[in-house]
Amino acid sequence: MHAVLIEVDVAGVDREQGTKALREQIVPAIKALPGFQAGTWLTGGADGRGLSLTLWDTADNARMMADRFGRGSSPTASASVVRCEVREVAATA
């Protein structure tokens, strides 16, 4: 299993509109990708950065996700991905 960690600059995004777009557009699009296993999305903190951690069945599927939603992409207006990492999962609970 592999994970994709994404950090998004959401400082310019209205919190309510951003959460709505996340729940209604972004999460369903990611869940529909091949190999999706699970995901967690965290709201932007005081630094204006939101985080997501998604789990994928294979390294190839994780890389496909990272290529689609990776650094430099804009999942919604006024938001931009600033970090994207693919890692092998060592353990889950």
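The values are calculated or read from the model by the stated rules, or taken from the named source; none is laboratory data. All figures in this text were calculated on a predicted structure; none of them were measured in a lab. Note: ideal-geometry Cβ built from the backbone for every residue, glycine included; neighbour counts use all protein chains shown.
Quick notes
- Filtered by the rule that a residue be surrounded by 16 or more Cβ atoms within 10 Å (Cβ to Cβ) and either under 17 Å from ARG71 (Cβ atoms) or of a type in the set (A, V, I, L, M) (or both), region 3-26 gives ALA3, VAL4, ILE6, GLU7, VAL8, ASP9, VAL10, VAL13, ALA21, LEU22, ILE26.
- All positions within region 41-75 that are hydroxyl-bearing (Ser, Thr, Tyr), modelled with pLDDT of 95 or more and loosely packed, with under 15 Cβ neighbours inside 10 Å: THR58
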